[in-house]
Amino acid sequence: MVEVSVVIAGGGPVGLTLSLELARYGIKSLVVERNPTTTTHPKMDLTNGRSMELFRRIGVADELRAVGVPVENSFDISWVTSLCGYELHRFPYPSSAKGTRIRRERNDGSLTLEAPMRVSQIVIEPVLKQAAERDPKIEVRFSTRLESLRQDETGVTCILRDTATGDAQQVRASYLIGCDGGGSTVRAELGIKNEGTANVANLFMIHFRSTAREILQRFGIAWHYQNGNGALVAQNDEDTWTLHHFLPPGADNWTLDPKALVEKWVGCKFEFEILVANPWSAHYLVAEQYRKGRVLMAGDACHQFMPTGGYGMNSGVADTANLGWKLAAVLQGWGGPTLLDSYEAERRPVAKLCWATSEEHLEVRFALATLYAEAGDLSGATLEAAERRAEVGRKIAALGNAENECWGTEHGYRYDGSPVIWPEEGVAPEFDPLVYEPSTWPGSRLPHVFVEDGSAIYDHLDPGLTLIVLDDSNTTSFESAAQRRHIPLKVLRIKDANAAQIYQRNLILVRPDQHVAWRGGSVPADTGALLARVVGHST
């Protein structure tokens with residue numbers, strides 16, 4: 001029987017990222033994926049700033065940017081009658097390159113270290129797969145399906161089947177992680193149910209190739225072109241596009257003509273090649289549990305959202321950052337019994353937050369569809385039609401585009417109430433899904449800053465715990481307590497007035513996932529108890 005520390009069921013972006021997270025700590029894993037290749041279906045087109053700084057942390061951010069949309073291209077959202085008609089309103093957003101420059105100039109802790117990136121999952125997955133295959137601590141097996149699992153007190157026995165040959169193999173793992181998507185075999189085997197609502201919206205997707213940029217980019221480069229019937233995603237700003245067309249209730253999805261749908265939405269006939277076309281349904285579902293014994297789940301296996309806001313894969317990437325270090329700590333012996341329990345305690349509320357935020361975005365989408373439906377003729381050249389278009393444009397602007405601006409939900413959430421966060425007395429800062437206010441309140445993501453030598457503070461953090469020291473405090477008791485408990489701890493001393501003003505405390509204990517475990521103005525009396533708690537020990 002083959003033995004491995006961790007089996008990861010699912011070789012999509014979440015499963016592959018988790019394998020790279022574990023490898024960072026020296027943990028060997030086996031990734032199994034039932035499909036023979038990485039995805040050919042466009043499933044997402046934005047990697048947000050938080051995900052990019054986590055990808056930077058595991059060393060793949062530059063490789064991903066190399067396959068993304070050119071960094072000088074904008075993230076604009078264009079609302080149109082059709083692409084052969086009129087543009088009604090445009091929400092402008094800076095390119096990745098400009099966003100990177102803004103981060104250097106502003107440096108006030110309000111922005112992620114990395115700018116977001118426009119990129120299709122179709123091209124992300126091969127990059128992550130290649131990175132995993134290069135690492136000797138990771139074995140990647142495609143065309144391999146997790147068929148069943150059986151766990152006991154010391155591990156999990158997995159039955160894996162080669163989908164090409166039909167051969168079965170037993171693999172024994174200390175832990176099994178289900179990253180196997182919305183139809184998760186792992187979740188089904190565990191008997192875990194989902195909370196929420198399925199089929200909140202029904203759409204028809206047409207993924208096509210065309211070089212007719214004089215039509216498709218008639219209003220200039222944008223990330224999304226939208227109207228009341230759906231959205232066209234510019235996948236690479238060159239020749240690859242995806243139309244998501246909203247379907248009315250009761251529509252016979254399989255009798256639709258994809259070519260006719262595209263031409264009707266664009267507003268004219270043009271040359272294009274359909275690559276993929278199919279109906280799909282969006283859901284709001286969160287698993288009732290993220291863990292049973294030695295089996296845990298991440299990504300779509302434990303949460304599914306309508307893609308308004310782009311919280312799907314991005315939430316999954318944050319899941320892996322949270323779970324990866326905890327698995328490593330337990331397997332290496334310095335993590336305690338409550339550490340893996342804290343994964344669900346911390347990440348499930350974030351999934352519920354993403355659900356609630358995405359629902360608000362979807363309601364705005366429905367309001368915009370109603371606005372278009374009630375606007376009357378927007379296509380004419382008359383003065384009356386022009387006035388109607390101007391009025392609809394003003395109403396679109398008033399409804400706003402929070403869907404692409406909810407920085408609180410993206411990187412401002414806190415792990416309140418976590419059993420491995422040291423609580424602080426007083427009133428926590430108010431949380432706003434739309435606005436991110438930099439804070440080192442325990443449970444928060446450490447605000448990113450560039451320090452005096454121009455380097456990013458994130459690049460100085462340790463794969464273990466990091467104690468940031470902004471004054472002359474004697475940290476011997478911290479270091480001694482960590483050594484006694486075999487907890488990896490780096491003391492990072494910084495003299496930086498800007499960082500001190502943003503961080504508000506002289507001492508900040510940061511976890512491997514860049515979240516604050518504790519902060520204080522002076523060294524606490526019992527550093528041993530503090531460190532024990534944040535790595536999952538009761539004492």
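Computed from the coordinates by the stated procedures, all read-outs in this text should not be read as laboratory data. Just so it is clear, the structure is predicted and the values come from calculations on it, not from any experiment. In this analysis, Cβ positions are derived from the backbone assuming ideal geometry, glycine residues included, and neighbour counts consider all displayed protein chains.
Quick one: check the C-alpha center-to-center distance for the range 357-410 versus the range 439-484, whole angstrom.
Here the answer is 45 Å between Cα centres.
With a 10 Å radius around each residue's Cβ, average the other Cβ atoms per peptide and rank 455-464, 375-384, highest first.
455-464, 375-384
Step by step: find N for the range 91-149, compute 2.2 N^0.38 Å, then divide the Cα radius of gyration by it. What's the final number?
Normalised Cα radius of gyration, the range 91-149: 1.76.
Going by C-beta contacts inside 10 Å, put H41, H244 in order with the fewest on the left.
Least crowded to most crowded, the residues run H41, H244.
For the range 412-534, what is the percent of antiparallel DSSP beta bridges, rounded to the nearest 5?
70
Taking H placed 1.01 Å from N in the peptide plane, check which residues at least 5 places from A287 or on another chain put their amide H under 5 Å from its amide H.
When sequence neighbours closer than 5 places are left aside, the close amide H contacts are E195, H303.
Going out from 0 in 5 Å bins, what whole percent of all Cα-Cα distances in the range 266-405 drops into each bin?
The distribution over the range 266-405 is 2, 8, 13, 13, 12, 12, 11, 8, 6, 5, 4, 3, 2, 1, 0, given as percents.
Report the antiparallel proportion of the DSSP beta bridges in the range 454-513 as a percent, rounded to a multiple of 5. Show your work: numbers first, answer last.
Numbers: 4 of 9 bridges.
Percentage antiparallel, nearest 5: 45.
Suppose R0 equals 51 Å; then what is the FRET efficiency for D471 and V71 from their Cβ-Cβ distance, rounded to the nearest 0.05?
For R0 = 51 Å, the calculated efficiency reads 0.85.
Aspartates and glutamates near K259 by alpha-carbon distance under 15 Å, same-chain residues fewer than 8 away left out - which ones?
Candidates past the 8-residue exclusion: E271, E273.
Need one number: nm distance between label points at E430 and Q169, each 7 Å from Cα along Cα→Cβ, rounded to one decimal.
Taking the two extended label points, one gets 5.7 nm.
Rounded, prolate or oblate: which fits the range 141-204, taking a ≥ b ≥ c as square roots of the Cα gyration tensor eigenvalues, rounded meaning a/c under 1.5, else prolate when a/b beats b/c?
Values: a/c = 3.29, a/b = 1.49, b/c = 2.21.
The shape class here is oblate.
Which shape class applies to the range 268-320: rounded if a/c is under 1.5, otherwise prolate when a/b exceeds b/c and oblate if not, where a ≥ b ≥ c are the square roots of the Cα gyration tensor eigenvalues?
Since a/c reaches 1.5 and a/b is larger than b/c, the shape of the range 268-320 is classed as prolate.
From the phi of every residue in the range 56-67, what ³J(HN,Hα) in whole Hz does the Karplus formula 6.51 cos²θ - 1.76 cosθ + 1.60 yield, where θ is phi - 60° and glycine or proline is x?
Listing the rounded values in order: 4, 4, 9, x, 10, 4, 5, 5, 5, 4, 5, 9 Hz.
I need the shape label for the range 1-148. Rule: rounded when a/c is under 1.5, else prolate if a/b > b/c, else oblate, with a, b, c from the alpha carbon gyration tensor. Walk me through the numbers before you get to the answer.
Details: a/c = 3.29, a/b = 1.68, b/c = 1.96.
Because a/c hits 1.5 or more and a/b fails to exceed b/c, the range 1-148 counts as oblate.
How much mean residue ellipticity at 222 nm does the chain get from its helices, if each DSSP H run of length 4 or more adds -39500 (n - 2.57) and you divide by all residues, to the nearest 500 deg cm²/dmol?
-10000 deg cm²/dmol, from helical runs alone.
Sorting check: for 292-305, 94-107, 139-152, which peptide has the highest mean count of neighbouring beta carbons within 10 Å, and how do the rest follow?
The packing order, highest mean first, is 292-305, 139-152, 94-107.
From the phi angles alone, apply the Karplus equation (6.51, -1.76, 1.60; θ = phi - 60°) to the range 143-158 and give each ³J(HN,Hα) in whole Hz, x where the residue is Gly or Pro.
Working through the residues one at a time gives 6, 9, 10, 6, 8, 7, 9, 9, 10, 9, 5, 10, x, 10, 9, 10 Hz.
In what sequence do R505, R50 fall when counting other Cβ within 10 Å, fewest first? All intermediate terms of the calculation are to be shown ahead of the outcome.
Numbers: R505 18, R50 24.
Ordered by Cβ neighbours within 10 Å, fewest first: R505, R50.
Distance from the Cα centre of the range 495-526 to that of the range 282-308, in angstrom?
32
Distance from the Cα centre of the range 10-50 to that of the range 170-239, in angstrom?
If you average the Cα positions of each part, the centres end up 15 Å apart.
Fewest first, what order do E360, E387, E346 take by the number of other Cβ atoms within 10 Å?
So the residues, fewest neighbours to most, are E387, E360, E346.
Compute the Kirkwood hydrodynamic radius of the range 1-65, taking the inverse of the mean of 1/r over all pairs of distinct Cα atoms, and give it in Å to one decimal.
Over the range 1-65, the inverse of the mean reciprocal pair distance is 13.2 Å.
DSSP beta bridges in the chain, what fraction antiparallel, as a percent rounded to 5?
Rounded to the nearest five, the antiparallel share is 70 percent.
Can you compute 3J(HN,Hα) from phi for each residue in the range 348-357, using the Karplus curve 6.51 cos²θ - 1.76 cosθ + 1.60 with θ = phi - 60°, rounded to whole Hz and x for Gly and Pro?
5, x, 5, 4, 5, 5, 4, 4, 4, 5
Averaging over all projection directions, find the projected area of the Cα convex hull of the chain and quote it in nm² with one decimal place. Write out the running numbers ahead of the final one.
On the way: hull surface 104.0 nm².
About 26.0 nm², averaged over all directions.
Per the Kirkwood definition applied to all pairs of different Cα atoms, how many angstroms is the hydrodynamic radius of the range 412-534?
Kirkwood radius, the range 412-534: 14.7 Å.
Output the 0 to 90 degree angle, nearest 10, between the alpha-carbon long axis of helix 13-24 and the longest principal axis computed from the alpha carbons of the chain.
The angle comes out at about 30 degrees.
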